[in-house]
Amino acid sequence: MENQIINTTKLAEKLAAKAEEHNWPFLNYFFHQIEFQAIIADLTHEHEKGHKFTPAFKDVFNAFFMCPSNDIKVIVIGQDPYPQADVADGISFSCSKTQKEQPSLRFIFNAIEADVYPEGGYVRDTDLSRWSKQGVIMMNTALTCRVGDIGSHYAIWKGFTAAFLEYVNKKHKDAVIVLLGNKADEWRPYIKDLHIIKVAHPASAAYSGGKWDSQNLFNKVNLRLQELGKVPIIW
């Protein structure tokens, strides 16, 4: 079974090798720590209780592996993976498995079309790994959740998220941080030294007439990158 957790030591070694391959010293370190063993124990316990979780474990760290740590430009912080089975792919808001826009992604694309491509021509590709490869980490503060149960794994991943954001705050001083919604904003103390842009979570558009108040987010991010002498993101 894809979500079944195997021997922790072998899993840590496999993931650490992948972290090294993708130039991720933080992950390489974390996969050998007792905190990672605790995460695996919690997920294994979930499985033993009959709970399915999403995304599949092989995809859980895609947001990081798709963006080598020395290429980080932007970190977009959301909340949970899509709670439906077989939709989340490890990159927040990405829908590469189904190739169908979930509501939050649709609102994101609508904002990009309106603000960045007002003359048209935007390609609404549901695989957001193309952003990852440009230096954007699209992460959720909980990397997994039970199928159909948003927020169910928040406590499991709290230590990982805190450690990662503290690492970014120390090692990636020029990273642009995007906080999506009040839940993501709770992590602000961990990244207090960085350039932060906070907007409503795209899902909020469902309660405001179907339009997400993005506050020109994607142009603001690119403007900041240009100020830092970096290549803007092709959204």
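Bear in mind these aren't lab numbers, they're just calculated from the coordinates by the rules spelled out. Since this is a predicted model, take the numbers as computed values, not measurements. Neighbour counts run over all protein chains shown; Cβ positions are idealised from the backbone, glycine included.
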**OP:** Equivalent ellipsoid semi-axes for the range 152-205, as square roots of 5 times the alpha carbon gyration tensor eigenvalues: give them largest first, rounded to whole Å.
**Re:** 19, 16, 7
**OP:** Compute the length gained on full extension between residue 182 and residue 10: take 0.36 nm times their separation in residues and subtract their Cα-Cα distance, giving the result in nm to one decimal.
**Re:** 58.2 nm
**OP:** Count charges around residue 107 for me, please; just the other residues with Cβ under 15 Å from its Cβ, Lys/Arg as +1, Asp/Glu as -1.
**Re:** 0
Original post:
So what are the ³J(HN,Hα) numbers for the range 227-235, from phi and the Karplus equation (6.51, -1.76, 1.60; θ = phi - 60°), rounded to whole Hz, Gly and Pro as x?
Top reply: 4, 8, x, 9, 6, x, 7, 8, 6
Subject >> Which of 230, 73, 183 has the fewest Cβ neighbours within 10 Å, and the rest in rising order >> reply: 230, 183, 73
Original post:
Using the alpha-carbon centroid of each, what span in Å lies between the range 91-128 and the range 11-30?
Top reply: 30
Original post:
Ratio of Rg to Rh for the range 56-118, alpha carbon only, Kirkwood?
Top reply: 0.99
Original post:
Is it possible to state the helix-based mean residue ellipticity at 222 nm for the chain, with each DSSP H run of 4+ residues giving -39500 (n - 2.57), the sum divided by total residues, to the nearest 500 deg cm²/dmol? What is it?
Top reply: -11000 deg cm²/dmol
Original post:
If you take the Cα atoms of the range 8-227, find Rg, then find the Kirkwood Rh from the mean of 1/r over all pairs, what is Rg/Rh?
Top reply: 0.95
Subject >> Given charges at beta-carbon only (K, R positive; D, E negative), |dipole| of the range 8-227 in Debye >> reply: 100
Original post:
Of all GluC sites (Glu not before Pro) in the range 1-109, which ones are in loop regions per DSSP and have a Cβ with at most 10 other Cβ atoms within 10 Å?
Top reply: 2
